[in-house]
Structures are given as structure tokens and as C-alpha cells.
Amino acid sequence: QVSPLQEEPIGKYGRMRKSFLKQHRAMSYNSLLLEEKLYPHLRETDRTAGLRMERLMKELTDKNPLPDKQTDQMAWVSHMNSLKAQAEEIILNELIYN
């Protein structure tokens with residue numbers, strides 16, 4: 001039987017956090033699981049990471065203006081991918097792998 005706490009799906013960052021805890025912080029993972037705090041923790045991590053990603057992308061695009069999407073789509077996509085990779089690296093270090 002699935003617990004009501006587990007019904008809401010966990011997003012990308014929550015799943016990454018779960019995997020990290022399971023592989024590298026087994027005692028914390030088991031403790032959270034036994035206390036029924038794992039899924040709330042994973043959902044909160046996922047929500048926080050999503051909000052942090054939005055803020056970081058805004059900050060990075062403000063600091064690093066984007067090329068014109070209409071005239072140079074490939075440069076725009078490349079620039080956005082680069083900024084997203086930077087933001088994701090920060091999120092992984094701050095929220096997922098700590």
C-alpha cells in the first residue's frame with residue numbers, strides 16, 4: 001500500500017537527492033525513511049531547487065545578456081544552455097549533494 005505522503009510525484013531534483021542520500025548518506029536516508037520524513041524532504045528539496053533555478057536563471061540572464069533570438073537562434077540556444085548548466089551546477093552543490 002502506498003502512503004499518502006508518497007502519492008505526489010517527486011521531480012527531477014527530488015529524485016537526484018533521493019539517489020544521493022541512498023548512495024552516500026545511507027544512515028540519513030534510512031532515518032528519514034523510518035520517520036516518514038523522506039518524501040516531505042524530497043518534495044521540499046525539489047520545490048526549493050525549482051525556485052532557486054528560476055532565480056539563478058534570471059540573475060544569470062541579467063548579468064549575461066542573451067543574443068537576439070530572432071536573428072541568431074543557435075547562439076541564443078547555446079547561451080541559454082550554458083546559463084542553465086551553470087545554474088544547475090550551483091543547485092547540485094547547494095541543495096542536492098550536501
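The values are calculated or read from the model by the stated rules, or taken from the named source; none is laboratory data. In this text the structure is predicted, and so the values were computed from the model without any measurement. Here the Cβ is made from the backbone with ideal geometry for all residues, glycine too, and neighbour counts use every protein chain on show. Protein only, heavy atoms only, side chains kept; ligands, DNA and RNA dropped before computing areas. Shrake-Rupley method; radii C 1.70, N 1.55, O 1.52, S 1.80 Å.
Taking all protein chains into account, the per residue accessible area for the chain stands at 70 Å² (1.4 Å probe). Largest mean-square fluctuation among M16, M57, M27, in a Gaussian network model of the chain whose springs join Cα atoms under 10 Å apart, belongs to M27.
Sorting R17, R55, R25 on solvent-accessible area from highest to lowest, probe radius 1.4 Å, gives R55, R25, R17. Enclosing the Cα atoms of the chain in their convex hull gives a volume equal to 113 cubic angstrom per residue. Can you tally the net charge around S78? Count Lys and Arg as +1, Asp and Glu as -1, for every other residue whose Cβ sits under 15 Å from the Cβ of S78. Around S78, the surrounding residues sum to 0.
On C-alpha positions alone, give me the angle between the axis of helix 12-24 and the longest principal axis of the chain, in degrees, nearest 10. Computed tilt is about 50 degrees. Pairs of Lys residues in segment 19-91 are counted when their Cα atoms are under 20 angstrom apart and they lie 8 or more places apart or on different chains; the count is 5. The calculated FRET efficiency for the pair T61 and K37, based on their C-beta separation and a Förster distance of 41 Å, comes to about 0.70. Looking at the chain, the chymotrypsin sites (Phe, Trp or Tyr not before Pro) that sit in a DSSP loop and have at most 13 other Cβ atoms within 10 Å of their own Cβ are Y97. Exposed loop sites are taken as GluC sites (Glu not before Pro) in a DSSP loop (any state but H, G, I, E or B) with at most 11 other beta carbon atoms within 10 Å; the longest stretch of the chain without one runs 37-98. Counting only protein heavy atoms and using a 1.4 Å probe, the accessible area of H24 comes to about 110 Å².
Evaluating 6.51 cos²θ - 1.76 cosθ + 1.60 at θ = phi - 60° for every residue in segment 43-51, the Karplus couplings come out as 5, 5, 4, 4, 5, 4, 5, x, 5 Hz, glycine and proline recorded as x.
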